[in-house]
C-alpha cells in the first residue's frame, strides 16, 4: 500500500494523509464497509475519537496489513 498525499495549494508542499474514511479503509484493505465496522466493533481498528464520522488512522491500516491479522476477517 502506498501513502497518499494531498496538495492543498499549487505552491504548497504535499501533506501526508493521516486518516481514511470507512469507505477508503475498506478499499485499502480489500474488504466491505460492514467488515470495517466489525473490525471497529471488535476493537481491531480504533477510529479517531470525538468526531461525527468514523476516521481510521492510516497507521492502523498499515499495522493490520503488515501483521497478517486480515486472514479470516471477512
Of the residues in the stretch 54-69, how many are in a helix (DSSP H, G or I) and within 19 Å of residue 18 (Cα to Cα)? 9
So, in the stretch 22-53, exactly how many residues are closer than 19 Å to residue 69 by Cβ, assigned to a loop (DSSP other than H, G, I, E, B) and under 13 Å from the mean Cα position of the chain (by Cα)? 7
Please go through the stretch 42-59 and give me each residue that is free of Cβ contacts under 8 Å to residues at least 24 places away in the same chain and loosely packed, with under 10 Cβ neighbours inside 10 Å, ordered by number. 42, 43, 49, 50, 51, 52
Failed item in (1) exposed (fewer than 10 other Cβ atoms within 10 Å of the Cβ); (2) modelled with pLDDT of 90 or more, with residue 34 passing the rest: (1)
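The values are calculated or read from the model by the stated rules, or taken from the named source; none is laboratory data. What you are looking at is a predicted structure, and each value in this text was computed from that prediction instead of being measured. So basically every Cβ, Gly included, is an ideal-geometry build from the backbone, and we count neighbours across all protein chains shown.
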